[in-house]
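The values are calculated or read from the model by the stated rules, or taken from the named source; none is laboratory data. Bear in mind the structure is a predicted one, so any value in this text is a computation, not a measurement. Positions of Cβ are generated from backbone atoms using ideal geometry, with glycine treated the same way; all protein chains shown enter the neighbour counts. Heavy atoms of the whole protein, side chains included, go into the accessibility calculation; ligands, DNA and RNA do not. Shrake-Rupley method; radii C 1.70, N 1.55, O 1.52, S 1.80 Å.
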Amino acid sequence: MTVPPTTAPTTAQIREKYLSFFESKGHLRLPSHSLIAPDPTTLFTVAGMQPFKPQFMGAAAKFPGYGDNPRVTTAQKCLRVGDIENVGRTLRHCSLLEMLGNFSFGDYFKREALTWAWEFLTSPEWMGLDASKLYATIYENDEEAFGIWTQEIGLPEDHLLRFGADENFWPADAPAKGPNGPCGPCSEIFYDRGPAYGDDTWAEYADTRESARFLEIWNNVFPQFERQEPQADGTPTLVELPAKNIDTGMGLERVATVVQDVFDFYSNDVFAPIIARIVELSGKPYLGPESISHRVVAEHVRSVSMTLADGVSLSNTGRGYVIRKILRRASRHAYLLGLREPVLHTLVPLVVASMGGAYPELVSEEARVTAAIRAEEERFLKTLEGGIQRLQVAIAKLGRLYDRQNSSDGVTYTIRDEHRKYHDWVYTKFGREIYSKADIMNPDGMMTIGRASFPAHIAQITDFQPTDLILSGEEAFTLYDTYGFPVDLTKEIAEEYGVTVDEAGYAESLEKAQATARAGSKYGKSELFGAQDTVGDLSATAFVGYDHLEAEGLVLALMTSEGRVDALEAGTAGTVVLTQTPFYAEGGGEVGDTGRLEWTGEDGLAGAGVVRDTRKTPGGVFLHEVEVQAGTLTPDITVRGVVDGARQATERHHTATHLLHAALRAVLGDGVRQAGSLVAPDRLRFDFAHGAALSTAELAEVERLVSRWISADFAVQWQEMPIAQAKAAGATALFGEKYGETVRVVSVEGSVTLGGHTVSSKELCGGAHVTRTGEIGAFVLLSDENVAAGVRRIEALAGEAATAWLRERLNSDARLAASLNTSLEGLEVRVAQLQAQLKAAEKETVQVRRQLTEAQMSGGNGGGAAPLRELGGFRVAALKLTGIAGNELRGAADKLLDTSGADLVVIASDAGLVIKATKEAVARGAHAGQLVGKLAAAAGGKGGGRPDMAQAGIQNPDAALEALDTAF
RNA sequence: GGGGGCUUAGCUCAGCGGGAGAGCAUCCGCUUUGCAAGCGGAGGGUCUGGGGUUCGAAUCCCCAAGCCUCCA
């Protein structure tokens, strides 16, 4: 591992130089967007240009809070998990990378982009790279770029290569394959790291396109075309855009490698200290194949820390699950390095030290990030432990319990210590209990227990060849799927025992499981996506529902699952798009409005329909799911929308949600972070990041705080303002939510105090709210539960829903109290008393039954002296008891068997029948189970059991005993 | 959103249609100069909750809850 020379600029310095260089060229410096993607096309932010998609699509280059400028520059953190398996295996794959970018929105074009890139790389004031080591590629027919490179910059022609649309176009192969939309050629800049990294030449690169020596450091993309539908013969249609853009990306890790002149990404100033620490912790040098694990741990700790700092929490679904998988991969590799205790979290400070300057959220979230990683590590180590146990049992089942050793006495097999605890289990299972005492197995068929040797039937065990031992793919998959045990660890451990894993079988099982998962996931979404396609051309719907619950609008479009339609007849259902609507569309956790539509049709007839749900497309087109009940709905007619009264209940729950959020933060601390919410007419649900269950006292305090707020009857106000202004005013924004330039801020004007703290609520929110907190009415917390690691869910009710729930609860409690002849206050004591009484009574019953049994057996009933009869070659004692069942009946049978000297005892009672036989009788062919069947049949019952013990439920004990005469 | 697994004594778990068990821990007794320990014994259970099948359910089926885990 090479270490960067101390004189070389650090990664942080390179980042800063890049940004200030482009500032000096008139660019606006913007902070990195969160790793949570700005649009729903990806889970995470994957490219420097992604936050600027709207600008590339023609939106104004306005950046509220920072300024307006058609030139911007950023260092964007990106997370790419598509080829996560390669991270660590190579020296340059990273899941987290930083893209240094400069962007032009219809402003400068190729000339400036390329000449500035050149200046930044070669000027001694900036990167100061040797110009003779720089190379470039261009799109095959991009003569404009060719001219700039060769004539204006002076790059020798033999430092240039031309590639087709697969290499030098963005998106790749767009002309032939699409998608439609903005696209263009690109020009990549390479650096020749010298012969130390390979003896290939630039000319050869045209063929190989793979080089450790020529490292791509910068991609300049020129989105100058709009691709349209190709012609009938397939000829691509590329139309020049009126406003041409520039989108460039320079990988910080790549350029740092070059500038610091280190061997690989992992030797730069960010990773080197982490790798060094891993070496220190594990005692394993950063060398050879094992170094994969060092790299995986270092890289993944960095990307997981960054993502957690952006507010993602580890979970079982979506983003949180992806991060968790990455963290577990790191944990697994730490395990492979021999680390058995949680250590990844101790590396977080190193990440913060090198990255925290550029990403302050790392610093402010360090404690939370560290705690989350630690908790997950601990959980995973537990999972591994359980998996190893299960795997060892599986290996033991194959017969691999022993270490093979060559000694002067020949080959011996010694039971592995870790297998001792499974040994009994395995051989009990196999019916070979005697083996549980074996210390040594010899190949000659003898086994040793202490100093004694015994013959053992273990030829099939000692003769195993390693190749005979295959762990089924199914078992390996179960280990992974059900117990979370990674298959590569399975392979590694199995190998120690000379056992191989059936990988084909594993792959088959995996595929089968994935197929069921896919089939199982509903395609309910496709309805909306389908609609999105068909409404792409419609303009956004005007929403007036904050102020009006009734409004008129023009029908713009009608759709069914078939696509656009011209009419919706009475009795049919479909999606309706209006120019203006009072219906709130599902969003921000609040459910869509319901209600009705009314109109007078072209035919002059009145019509009406029911709005079942309202949703909207990302483009802001509202989709009303409507069932037409009368008349016909056609485009261009005016309809009146009337929102259901349920909206008021929804509004109460929504405002209550805000108060709940603020109250939780007040009571539990600012660590509380909203992780999702549902606002419906009948309830509210609020998920938030918090480590532990709420105590009863905390729940009561949260509830009290919200109630106090409600009774203060403060005004709820909302206003639109630029996002920067909203944030400056301290409004709570959600991680992962996308906000436009102007946002709606909902605030409760007025605050309440709790424990000396003043608490108020101000949130970015597009939802519908009551106008005064007093309208919320009652508020009650129903439950606090765990939904994912570190995420709690609270359910609560407001308004009538709350009072109705409380009334119902009180009524049922009152009924309960009345049935126990006590008051609500006395209920707890009463139930405790009853439980104690019940327990005492049960004990007493057992006692009494035992006494009753004994009395009957020794009493005048002839019981104690039950005569022995000879039946079917067995001495049989039969006895009738009354009022005895279950345990006592069996106890009586035992006693009778002991005292009477019988081979078989039969005890009949009014509720049951028990037959027991001695071992010796069973050996001679007695079968209690079969006998009990015959007797029960005669006594109007059924039963069964084992040869030595059987039971039946019967109605007539006398009949059962009589049947004994003929049963043999 | 869809799979799989687990839930039994204070703890770790076995049992998987016919008497609720083991080890550790607890308590008592014995042994020991004392400690560590050993020996013997005892107490401790709504077998997660609810419904069903069965003569009989910890055990089989269905529903629910909590935890673990994989996939989309």
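Below is a table of values for the structure above.
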quantity: Solvent-accessible area per residue, Å², over the range A:927-968 with all protein chains present [probe radius 1.4 Å]; calculated: 49
quantity: Using θ = phi - 60° and Karplus 6.51 cos²θ - 1.76 cosθ + 1.60, couplings along the range A:367-383 (whole Hz; Gly, Pro as x); calculated: 5, 5, 4, 4, 5, 5, 5, 4, 4, 5, 4, 4, 4, 5, 4, 5, 4
quantity: Net charge, A:E888 excluded, C-beta distance under 11 Å - Lys, Arg +1, Asp, Glu -1; calculated: +2
quantity: Hull-based mean projected area of the range A:6-119, where the convex hull spans the alpha carbons, in square nanometres; calculated: 9.0
quantity: Long-range HN-HN contacts of A:A542 with modeled amide H, under 5 Å; calculated: A:Q580, A:T581
quantity: In Hz, Karplus ³J(HN,Hα) per residue of the range A:916-929 (6.51, -1.76, 1.60; θ = phi - 60°; x = Gly, Pro); calculated: 10, 10, 6, 4, 5, 5, 4, 4, 8, x, 5, 9, 4, x
quantity: For the range A:262-407, accessible area per residue (1.4 Å probe, heavy atoms of protein chains only), Å²; calculated: 37
quantity: Where the range A:206-258 is the region considered: accessible area per residue in Å², 1.4 Å probe; calculated: 42
quantity: Cα-based shape type of the range A:274-369, given that a ≥ b ≥ c are square roots of the gyration tensor eigenvalues and the cut on a/c is 1.5; calculated: oblate
quantity: Burial order of peptide ranges A:501-507, A:282-288 (average beta-carbon count within 10 Å, highest first); calculated: A:501-507, A:282-288
quantity: Surface share of carbon and sulfur [accessible, 1.4 angstrom probe, percent] for the range A:220-290; calculated: 57
quantity: Proximal charge balance of A:E144 [Cβ under 14 Å; K/R count +1, D/E count -1]; calculated: -2
quantity: Phi-based couplings in Hz for the range A:271-285 (Karplus 6.51, -1.76, 1.60; Gly and Pro marked x); calculated: 8, 3, x, 5, 4, 4, 5, 5, 4, 4, 5, 8, x, 9, x
quantity: For the range A:245-300, Kirkwood radius (reciprocal of mean inverse C-alpha pair distance, Å); calculated: 12.3
quantity: Relative packing of A:646-659, A:318-331, A:933-946, which averages over residues the other C-beta atoms within 10 Å, highest first; calculated: A:646-659, A:318-331, A:933-946
quantity: Cα-Cα over 29 Å, subset of A:K284/A:K382; A:K284/A:K512; A:K133/A:K177; A:K25/A:K762; calculated: A:K284/A:K512; A:K133/A:K177; A:K25/A:K762
quantity: Cβ-defined net charge surrounding A:S132, 12 Å radius [Lys, Arg +1; Asp, Glu -1]; calculated: -2
